[in-house]
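S.K.: Structure in structure tokens, see below.
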Amino acid sequence: MENRKVLKSGEFLVDEVQANDIFIPEQFDEEQKMISQTIQDFLDAELYPNLEQIDSPDINLMKSTLKKAGELGLMGISIPEEYGGFGQSFVTQMLAAEKIGAGHSFSVAFMAHTGIGTLPIMYYGNEDQRQQYVTRLASGDFIGAYCLTEPGAGSDANSGKTTAVLSEDGKYYILNGQKMWITNAGFADTQVVFAKIGGDRVLSALIVEKTFPGVVINPDEHKMGIKGSSTAQIFYNDVKVPVENLLGKRGEGFRIALNILHMGRIKLGANVLGAAKKSIVDSVKYANERKQFNTLISTFGSIKHKLAEQVIKTFALESAVYRLSKDIDNQIEVNKASGMDKGKASIEGISHYAVEAAILKVYGSEVLDYVVDEGVQIHGGMGYSAEMVIERAYRDSRINRIFEGTNEINRLLVVDTSMKRAMKGDFDLFGKANELAANLESVSDNKKQDESYFEEKLRAIKNFKNLILIVIQGVSKHFDKKLLLEQEIMNNLADMIIETYIAESIALRIQKMEMINGIDPSGLYRSMLDVFVYDAADNIRKPAADALNSFATSNVQSTYKKVVETLTNVTGINVKEARRKIADKLIEDNCYKF
Amino acid sequence: MKILVCISNVPDTTTKVKFIDDFKKLDITGIQWVINPWDELSLTRALELKDDTSNNIQSVTVAHVGLVGAEPTIRKALAIGADDAIRVNAEPADAWLVASQLANVLKGESYDLIFCGIESSDFNGSSVGGMLAELLNYPSVSSVSNVKLENGQAVITREIDGGKEIVTVPVPVVAIVQKGIAKEPRIAAMRGIMMARTKLLKVIEPVAVDSLTEVVNYEMPKPRAACKFVDPENPGQLVELLQNEAKII
């Protein structure tokens, strides 16, 4: 795979990606599988027997469980060896994040520590800061937190009021302010705190230790879910932060915050994947035990439909998660080759894929919400009982659509970033869009005779992309610079882009699986792709029509209508039988083995 | 002092067992392979003994009879903490073959403590440990639930009916181990996983040994019949069912 094509973020919209150009989970090597198994063993031995107690909540138990993960080296997976870590690839980091993701509130505490708590210092810290903090965070001796949000500064992160003023002797910043919704607040030893220095209009980042006088941590918040994770407000009252604890350059905080959030979003995509797989297993196990009308409920079509949908969405998410992870690894290698140090190469590689990061965040969190919601439904009345793990999964899932940037913010980002990067010249979006728009009357679905199975699917996906370009061209021309204010239309576009990226990911994965293993005689995976593309056409048709009808005058409405119909025209399939096939495999295995 | 832990490569315990070739062969499609649970606990105990420096254990080696496909399982044992590994390149057709191949490996080697799981969770033959000890002319102790080392001898606890028996045995000795030897299997740490790729995994070609068993065929257990409920007002029906259907009275 050395010569595979490295795409720019968002470039998939105008490019035809080949199956050989993507990485698929079926390519994990022995070591990656071993790391994955270690995390599974850790959760089975150290977390699941104590989950009830951790969520009671018991932050001491949470802390000691984190320390045990540290002893196994799990906190050093993303950290280079020179700072006490294991320097693993981004794919491996994501595989680890997936496995940990099945860990309910522990997953949140662990990810906050290893991700937003540790990596800002790894990526932006100087050598002294890395040696002093990263080595201890990588071993678990220190636990980290990330302090960006304030009562008045949530999605609008740059509006924070926390300030830092240089002391008269020039040795300290005097930090004052208030942060809220801080994960791990109750026990974190280090905090990466964003504040405005002097009268700056932009943020800077400081490394603050819990023991610095003037740091006051409120009691933990009572939350809907992830109850075992410590979440609290932190107050800074004239805290003296040594000037050497400034992270990166003065004024670089907002950039650090945004780039770290890109990383957090991608990893959240992996976390929710692991959580979804676990809830699918809980769902099918229950369906295989519960009898009504003297029959196992897993034999009912309604239940099979739910189980199959859980699997298809999760499998599709997984395809996108590892496709993107390897793209990032490739970009990191390109960055290293250009002379960047490891930390910078990593964060720039991750930020490079900002569009796809937001896609994974939105799609993944909504897949998990679907999976746990139907999981509760499969459990019936028992699903509403706090005795069942699915009830916990349902509550724990909900935060994923809110943190690491709400899904609303991320939908805007998907579209805005794609368009900005295209305007910057990363790829030719508008040229192709204008070309298509100039020939609306002759838009065709480009169906060829005797096309192969995958040619047909990939043609459908290319049509989705063309429809996206046509909508972008139409709304850009009509709303011009005010498009960003038309959030409903931005959401329409985001939904189309997300659906298309995921559809392409699952299609290329299944194509590549067949390239490696030959055609699967059971037709199981093709059934998944059939259902996904069939549904994607519908999921794309509606937002496309909504966006176009928001400005189209009556004389072009009918043209647009025809264009939408043509470009979302896919072959009809028997989705009932396709879903039953997928559900039957899950039911037989009584476990997620796809 | 050196320890050898014999390991089997078995299907994960959640595997749905299926047979092919007219019920003569296990269908291995899609199976996830793991270290036999008893062997994994033995390895954990061996490493605990090594961790205690007063025992003066030089090394813990794992030995396996099987084909190359078993190497991920062997490397997992190295990741958990074994120092090196030996694989005898032969299909583990039956207990006699496995024990003979292991005995051949051990000839001329100086392992003091040899751990074998009491059975493997696939075919549950429960024979290799005893055969191995006989072939080597070593003492063996079965149903072992604890092993300690004192003054160069093995102090072994074995489970007996209604209690425990503690025996002192001179080394070398084969300990045939059951669950209880260690609390939980040790989890491979990141450092161990990274080091596993650099540890020695020696492959030895097998000696000629006849397999003494032939599989005629396998049978699946009959599916459990549905539960029948008898009205408490109708004990006659219960008696009738027990007598004529279950045929137990």
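The values are calculated or read from the model by the stated rules, or taken from the named source; none is laboratory data. Bear in mind the structure is a predicted one, so any value in this text is a computation, not a measurement. Heads up, the Cβs are rebuilt from the backbone with ideal geometry, glycines too, and the neighbour counts pull from every protein chain shown.
S.K.: Find the residue count for region A:576-594, including only residues that are outside any loop (DSSP other than H, G, I, E, B), within 14 Å of chain B (Cβ to nearest Cβ) and farther than 15 Å from residue A:297 by Cβ.
M.R.: 3
S.K.: Sticking with this structure for a sec: I need the full set of residues from region B:179-193 which are buried (at least 18 other Cβ atoms within 10 Å of the Cβ), facing chain A (nearest Cβ under 7 Å) and in a helix (DSSP H, G or I), in order please.
M.R.: Those that are buried (at least 18 other Cβ atoms within 10 Å of the Cβ), facing chain A (nearest Cβ under 7 Å) and in a helix (DSSP H, G or I): B:190, B:193.
S.K.: OK, next. Considering (1) under 20 Å from the mean Cα position of the chain (by Cα); (2) within 14 Å of chain A (Cβ to nearest Cβ); (3) of a type in the set (A, V, I, L, M), say which one residue B:176 fails and leave the rest.
M.R.: (2)
S.K.: Kindly provide the set of residues from region A:50-108 that are out of contact with any Leu (no Cβ under 7 Å at 6 or more places or on another chain) and of a type in the set (S, T, N, Q), ordered by number.
M.R.: Listed by number, the residues that qualify are A:56, A:60, A:64, A:88, A:89, A:92, A:93, A:105, A:107.
S.K.: Under 6 Å between Cβ atoms, at least 6 apart or on separate chains: pull out the pairs that start in region B:122-134 with a residue that is closer than 24 Å to residue B:14 by Cα and end on any residue that is surrounded by fewer than 18 Cβ atoms within 10 Å (Cβ to Cβ) and among the hydroxyl-bearing types (Ser, Thr, Tyr).
M.R.: none
S.K.: Can you say whether residue A:545 is within 15 Å of residue A:468 (Cα to Cα), in contact (Cβ under 8 Å) with a residue 40 or more places away in the chain and either assigned by TED's automatic domain parsing to the domain that holds residue A:486 or not in a helix (DSSP H, G or I) (or both), as far as the supplied structure shows?
M.R.: In short, no.
S.K.: Quick one: would you say residue A:573 is touching a helix residue (DSSP H, G or I) at 6+ places or on another chain (Cβ under 6 Å) and within 14 Å of chain B (Cβ to nearest Cβ)?
M.R.: Details: touching a helix residue (DSSP H, G or I) at 6+ places or on another chain (Cβ under 6 Å): yes; within 14 Å of chain B (Cβ to nearest Cβ): no.
When the stated conditions are applied, residue A:573 does not pass them.
S.K.: So is residue A:490 among the aliphatic types (A, V, I, L, M), within 14 Å of chain B (Cβ to nearest Cβ), under 28 Å from the mean Cα position of the chain (by Cα) and surrounded by 14 or more Cβ atoms within 10 Å (Cβ to Cβ) or not?
M.R.: So residue A:490 does not fit the description; no.
S.K.: For residue A:250, indicate whether it is over 30 Å from residue A:397 (Cα atoms) and either assigned to a strand (DSSP E or B) or not β-branched (Val, Ile, Thr) (or both). Explain how you work it out, then say what you get.
M.R.: Details: over 30 Å from residue A:397 (Cα atoms): yes; either assigned to a strand (DSSP E or B) or not β-branched (Val, Ile, Thr) (or both): yes.
Taking the combined requirement at face value, the residue satisfies it.
S.K.: Within region B:67-79, does at least one residue satisfy the condition of being more than 14 Å from every other protein chain (Cβ to nearest Cβ) and crowded, with 21+ Cβ neighbours inside 10 Å? Spell out how you get there, then give the answer.
M.R.: First, the residues of region B:67-79 that are more than 14 Å from every other protein chain (Cβ to nearest Cβ): B:67.
Remaining after also requiring crowded, with 21+ Cβ neighbours inside 10 Å: none.
Checked region B:67-79: no residue is more than 14 Å from every other protein chain (Cβ to nearest Cβ) and crowded, with 21+ Cβ neighbours inside 10 Å.
S.K.: Same structure, new question: Can you tell me which residues in region B:149-189 are of a type in the set (D, E, K, R) and touching a Ser or Thr at 6+ places or on another chain (Cβ under 7 Å)? Walk me through it before giving the result.
M.R.: Here is the first cut: in region B:149-189, the ones of a type in the set (D, E, K, R) are B:150, B:158-159, B:161, B:164-165, B:179, B:183-184, B:186.
Scanning region B:149-189 gives B:158, B:159, B:164, B:186.
S.K.: Moving on. Being among the charged types (D, E, K, R), closer than 30 Å to residue A:593 by Cβ and in contact with a strand residue (DSSP E or B) (Cβ under 7 Å, 6 or more places away or on another chain) is the filter here, so list the residues in region B:3-58 that pass it.
M.R.: B:12, B:25, B:27, B:39
S.K.: Name the single residue that is farthest from the other protein chains (Cβ to nearest Cβ) among those in region B:194-217 being of a type in the set (S, T, N, Q) and under 30 Å from residue B:21 (Cβ atoms).
M.R.: The selected residue is B:213.
S.K.: Can you name the residue in region A:193-207 that is surrounded by fewer than 24 Cβ atoms within 10 Å (Cβ to Cβ) and of a type in the set (A, V, I, L, M) and, of all such residues, is farthest from residue A:403 (Cα to Cα)?
M.R.: A:197
S.K.: Continuing with this model, one more query. Residue A:93 - would you say it is in a helix (DSSP H, G or I) and within 14 Å of chain B (Cβ to nearest Cβ)?
M.R.: yes
S.K.: Go through (1) more than 27 Å from residue B:219 (Cβ to Cβ); (2) within 13 Å of chain A (Cβ to nearest Cβ); (3) of a type in the set (Asp, Glu) and name the single condition residue B:51 misses.
M.R.: Unmet for residue B:51, out of (1) more than 27 Å from residue B:219 (Cβ to Cβ); (2) within 13 Å of chain A (Cβ to nearest Cβ); (3) of a type in the set (Asp, Glu): (2).
S.K.: For region A:340-374, which residues satisfy the criterion of being more than 24 Å from residue A:86 (Cβ to Cβ) and without any contact (Cβ under 8 Å) to a residue 40 or more places away in the chain?
M.R.: Those that are more than 24 Å from residue A:86 (Cβ to Cβ) and without any contact (Cβ under 8 Å) to a residue 40 or more places away in the chain: A:369, A:373.
S.K.: Residues in region B:217-224: is at least one basic (Lys, Arg) and surrounded by fewer than 18 Cβ atoms within 10 Å (Cβ to Cβ)?
M.R.: Checking region B:217-224: at least one residue is basic (Lys, Arg) and surrounded by fewer than 18 Cβ atoms within 10 Å (Cβ to Cβ).
S.K.: Still on this structure, I have one more. With surrounded by 24 or more Cβ atoms within 10 Å (Cβ to Cβ) and part of a helix (DSSP H, G or I) as the only criterion, which of A:351, A:346 stands out?
M.R.: A:346
S.K.: Out of all the residues in region A:35-72, which are surrounded by fewer than 16 Cβ atoms within 10 Å (Cβ to Cβ), in contact (Cβ under 8 Å) with a residue 40 or more places away in the chain and of a type in the set (Gly, Ala, Ser)?
M.R.: Once the filter is applied, which keeps residues that are surrounded by fewer than 16 Cβ atoms within 10 Å (Cβ to Cβ), in contact (Cβ under 8 Å) with a residue 40 or more places away in the chain and of a type in the set (Gly, Ala, Ser), region A:35-72 yields only A:56.
S.K.: Which of the helices (runs of 4 or more DSSP H) contained wholly in region A:26-87 include at least 2 residues that are more than 13 Å from every other protein chain (Cβ to nearest Cβ) and under 18 Å from residue A:143 (Cα atoms)?
M.R.: A:59-71
S.K.: I'd like the full set of residues that are among the β-branched types (Val, Ile, Thr), surrounded by 17 or more Cβ atoms within 10 Å (Cβ to Cβ) and farther than 30 Å from residue A:49 by Cβ, limited to region A:219-258.
M.R.: At the first step, the residues of region A:219-258 found to be among the β-branched types (Val, Ile, Thr) are A:226, A:231, A:234, A:239, A:241, A:243, A:256.
Imposing the further condition that a residue be surrounded by 17 or more Cβ atoms within 10 Å (Cβ to Cβ) reduces the set to A:226, A:231, A:234, A:239, A:241, A:256.
Listed by number, the residues that qualify are A:234, A:239, A:241, A:256.
S.K.: If I go through region B:3-27 residue by residue, how many of them are within 14 Å of another protein chain (Cβ to nearest Cβ) and free of Cβ contacts under 8 Å to residues at least 40 places away in the same chain?
M.R.: Qualifying residue count, region B:3-27: 6.
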